[in-house]
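Notes follow once the structure below has been shown.
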Amino acid sequence: MERASELDARYVVKPVIGALRVLEVLAMANRPLTVVEAAQRCNLSKTTVFRYLKTLAAMGYAEQTATGFSIGPSIHVLSSDDARERAILSAAEGTIRRLCDATGETVNLAVPKGRRMHYLAILDGRTRRLRAETGDSECLHSTALGKAVLAYLPEAEIDNHLNTPLPRFTGRTITSRTRLSQALARVRRFGYALDDEENDAGIRCYGAALFGHGRRPIAAISISALAASIDAAADIELAEGVVTAAADINARLAGARSSAAAAACLRSGRGRR
């Protein structure tokens, strides 16, 4: 994946960049924008922005109303769960494969959907560790994947996720909101979440969050291992491994956003009118 610093202007189509920038401005606005407002926010000419808006509207990506232009229904094709999940998997798959090979343990990638984490990928280590399969889901409160995501959500969203009784799966499952809040604070302090035989007896997992725009958690990765096989050195190795791997994936995700932002700066030099 190209980073922003590696963008080659020879291959950049500036009108496409401009149209996408207009689309981003519409998406970030909380009301319809006039052509003048959109042009000011994009730093493009009114004539150019008008053409982009009419083209986007013709394709259904923008919608013209009595007070201006807003996002159109076709945008949902680009923002579908499948599209987001493919993008996350593409950014993560090389790193989680290397993490699996380096540790010999099972590595998981999952995304939050409602009150559960849904597995996008499960890479088996030397020995099959989990009863879960790709496509399965687990609770947020009992998994390292779920706690890694919960820790970085706004408090109101955490409350919404946890406003029902927390089911117990093993003798170690955290079912107290107070204890869970303490666990989430440790996630924010150390950068990883721990599931110490809380979801499956005999299995310990280390998880770390993956972030989207505005540092919102959009997914998480985890390492799963037999608890009995983890000594003090392995405990440190697995925790550091998942944190490092998550940082690598987050850099890729951020790089994609930075590339888009840098591309938006490569605008036509014709100036504004």
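Quickly run through region 18-44 and pick out the residues that are in a loop (DSSP other than H, G, I, E, B) and surrounded by fewer than 17 Cβ atoms within 10 Å (Cβ to Cβ). Spell out how you get there, then give the answer.
Narrowing region 18-44 to residues in a loop (DSSP other than H, G, I, E, B): 29-32, 34, 43-44.
Matches in region 18-44: A29, N30, R31, T34, N43.
Between S268, S259, which is among the hydroxyl-bearing types (S, T, Y), surrounded by 15 or more Cβ atoms within 10 Å (Cβ to Cβ) and modelled with pLDDT under 90?
Values: S268 fails: surrounded by 15 or more Cβ atoms within 10 Å (Cβ to Cβ).
When all the criteria are applied, what remains is S259.
Tell me, yes or no, whether region 86-102 has at least one residue that is more than 30 Å from A220 (Cβ to Cβ) and in contact with an Asp or Glu (Cβ under 9 Å, 6 or more places away or on another chain). No - not one qualifying residue is present in region 86-102. The condition of being at pLDDT 90 or above, out of contact with any helix residue (DSSP H, G or I) (no Cβ under 9 Å at 6 or more places or on another chain) and surrounded by 15 or more Cβ atoms within 10 Å (Cβ to Cβ) holds for only one of E93, E85, E105, that being E93. Run down A245, A239 and say which single residue is in contact (Cβ under 8 Å) with a residue 60 or more places away in the chain and buried (at least 17 other Cβ atoms within 10 Å of the Cβ). One residue alone meets the criteria, A245.
To keep it simple, each residue is scored yes or no on (1) of a type outside the set (F, W, Y); (2) over 23 Å from V243 (Cα atoms); (3) at pLDDT 95 or above.
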site	(1), (2), (3)
T143	yes, no, yes
I158	yes, no, no
T164	yes, yes, no
T178	yes, yes, no
E197	yes, no, yes
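Just the residues that are acidic (D, E) and free of Cβ contacts under 8 Å to residues at least 40 places away in the same chain, please, taken from region 172-201. Outline the logic, then answer.
Narrowing region 172-201 to residues acidic (D, E): 195-198, 200.
Hits for region 172-201 are D196, E197.
Which one is farthest from D248 (Cα to Cα) among residues in region 45-103 that are over 26 Å from the mean Cα position of the chain (by Cα) and part of a strand (DSSP E or B)? Here the answer is T65.
The values are calculated or read from the model by the stated rules, or taken from the named source; none is laboratory data. For clarity, every value in this text was computed on a predicted model and none was experimentally measured. Here the Cβ is made from the backbone with ideal geometry for all residues, glycine too, and neighbour counts use every protein chain on show.
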